[in-house]
Amino acid sequence: MRTLTASDAAKAVVRRNNEEVQSKGNFAVFEELFADDFVDHTTQPGTTPDKAGVRKLYKYMREAFPDFHSEIHWQLTDGDRVITYKTYYGTHDGSFLGIARRIAKFISNRLT
């Protein structure tokens, strides 16, 4: 039986966030994954660099892009640090970070 390494565990958390929270809007999982003292180093306009700010951003995303989902292509780790290359997909169907509703499909490649 293989022992789960710190790197494997970290990748699993990031993957679960992408699949369950961002793509499906499961905020019970968000509460489970994000520590109360979480610090966001990529804060977006209108949000704060903490757990509440990320929750707000994800809710904005789910409202503006109701079919939002991500596809993870690969992940690299260094201990508990994870880099994820992924593609975001969705339909812009509501205001998002000051950008008015467009009813347009979008695809965005990300390295986070």
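We did not get these values from a lab; they are worked out from the coordinates using the rules stated. All values derive from a computational prediction rather than experimental measurement. Glycine gets a Cβ as well: all are built from the backbone with ideal geometry, and neighbour counts include every protein chain shown.
Here is how the numbers come out for the structure above:
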read-out	value
Dipole moment magnitude, nearest 20 debye, the chain about Cα centre, only Lys, Arg, Asp, Glu C-beta charged	400 debye
Angle in degrees between helix 6-16 and the longest Cα principal axis of the chain, rounded to the nearest 10	20 degrees
Length-normalised contact order of the range 6-111 in % [C-alpha pairs under 8 Å, at least 6 apart]	24 percent
Under-5 Å amide H pairs with PHE65, H placed in peptide plane, nonlocal only	ASP93
Furthest towards positive pole of dipole, HIS41, LEU97, GLY25, structure part the range 6-111, Cβ charges	LEU97
Virtual spin-label span in nm between PHE27 and ARG101, 7 Å along Cα→Cβ	2.0 nm
Principal-axis tilt of helix 51-64 within the chain, Cα atoms, nearest 10 degrees	50 degrees
Percent breakdown of C-alpha pair distances by 10 Å bin, ordered from the shortest bin, for the chain	14, 42, 35, 8, 1, 0
Net +/- balance of residues flanking GLY90 in space, Cβ distance below 9 Å, scoring K and R +1, D and E -1	-1
